[in-house]
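*Asks:* Here it is, the structure in full.
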Amino acid sequence: MSNTTPDSGNDKLDPNAQNTTPVAFDPESDTAVAPTAPPADADREIVIDYDSAVDPEPENSSSETDAALPVAHEHHVPEVADKAYAEEPDTHVLSATEPTVLTQADLREAEIRDAEAGTGAVGAEQTVAQRAMAERAEADRVEAERIEAERIEAERVEAERAEAERADKEAQRAAEARAAADANRTEAASPAAPVRQPIYVQAPSKPKPKSNRGFGILVSLLATLAFAVLYAGILALILLANNGSVDVVGDVLARAPYWIPVLFFFLAMALLVAIVNRGGWWAYVLGGFAVAAIVYGSYLGGVLIDVATTITPAQVGDTVRRVLLSPAAIIAFLVAREVPIWFGAWIAARGRKVRERNAEAQAEYERVLEQGPVVA
């Protein structure tokens, strides 16, 4: 702020001083405040300058006019003003044709002074509070308008998106309807193809390999009968050669050294057939030795059973050693060795045929699987 107060000695009295509105400085705000003009000066032009808080440089007036002005119209220099301006008070009178420059702070202070003049300090505070409330209400109104505008814009965007989706769906349905119509026309134009009915056929079951054990056991019964006849005949010949008579043959055949070897021959032969099954003849040739050994041991057991009531436990060893190489034991071993060979050939021949039939059935099964179902 510069010192624009002219010297009081050089001021000249303005002839239009009676129409001049005095300007006073407010020591609180350091700005010029224009008092309320009388009704006669209501048409005076007022220019508000927001960039300046001081009055423009006044014209020269007479010292007499300055002396005649009241003390309330003098410019009071605030404490914060520069020293050059604060040397002496400035008294300035504006003419009726000169515009008055007021700042925004001047207007607010004028309103406060008007309120104080009317209702006191309480009214001024109420006026300031009302202005603050009005400003907050205005800010709330602007914010509400902004939110409402955003909501309207969001609703518009959502409506446009929904409209676009609806248009896409309608276009898709129209395309599907056209495609269905084209397909119906194509089906109507072309003859209906015959419907092929599915034909269900049962898959062939895998052939189960046939066994030769049942036939072998039946043949073992015949082999046991042959063994019993041969064994009894040879024993009869030995008795006839030694005694000159066959009267004791019946007694010999009823004793344990005869029928126990026959029983064990059948068991050994059936076991051999179960093991060999569809095997070749060589299996029965080799298996005959096992059958003969079992029959030989059963003969020794039969002898012990036959003399069990006539010997003591200490005599068991002597009895076994005495019959180890007896003619009856040797005959039982030899006959039991030969019979499985010959009857085993019969069983093996049938086993070979069973193997061939099993191979043919397996080949037919594989051929049917490779060929697949055949429709007549």
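The values are calculated or read from the model by the stated rules, or taken from the named source; none is laboratory data. All values derive from a computational prediction rather than experimental measurement. As a convention, Cβ positions derive from the backbone with ideal geometry for all residues, glycine included, and neighbour counts pool all protein chains shown.
*Asks:* What about residue 350, is it touching a residue at least 60 places away in the same chain (Cβ under 8 Å), assigned by TED's automatic domain parsing to the domain that holds residue 270, in a helix (DSSP H, G or I) and within 60 Å of the chain's Cα centre (by Cα)?
*Replies:* No.
*Asks:* Of everything in segment 309-330, what is assigned to a loop (DSSP other than H, G, I, E, B) and within 17 Å of residue 261 (Cα to Cα)? Give them in sequence order.
*Replies:* 324, 325, 326
*Asks:* Quick one: residue 347 ticks every box in (1) farther than 30 Å from residue 237 by Cβ; (2) surrounded by 12 or more Cβ atoms within 10 Å (Cβ to Cβ) except a single one, so which number is it?
*Replies:* (1)
*Asks:* Now for a different question. From the list 215, 265, pick out the single residue that is modelled with pLDDT of 90 or more and touching a Lys or Arg at 6+ places or on another chain (Cβ under 7 Å).
*Replies:* 215
*Asks:* In the list 337, 352, which residue meets the criterion of being farther than 17 Å from residue 261 by Cβ and out of contact with any strand residue (DSSP E or B) (no Cβ under 8 Å at 6 or more places or on another chain)?
*Replies:* From the options 337, 352, the qualifying one is 352.
Quick grid of which residues meet (1) of a type in the set (Phe, Trp, Tyr); (2) under 27 Å from residue 356 (Cα atoms); (3) out of contact with any strand residue (DSSP E or B) (no Cβ under 6 Å at 6 or more places or on another chain):
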{"position": "254", "(1), (2), (3)": "no, no, yes"}
{"position": "263", "(1), (2), (3)": "no, no, yes"}
{"position": "270", "(1), (2), (3)": "no, yes, yes"}
{"position": "276", "(1), (2), (3)": "no, yes, yes"}
{"position": "282", "(1), (2), (3)": "yes, yes, yes"}
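*Asks:* Among the candidates 303, 285, which residue alone is part of a helix (DSSP H, G or I), more than 29 Å from residue 350 (Cα to Cα) and in the same structural domain as residue 217 (by TED's automatic domain parsing)?
*Replies:* Answer to the check: 303.
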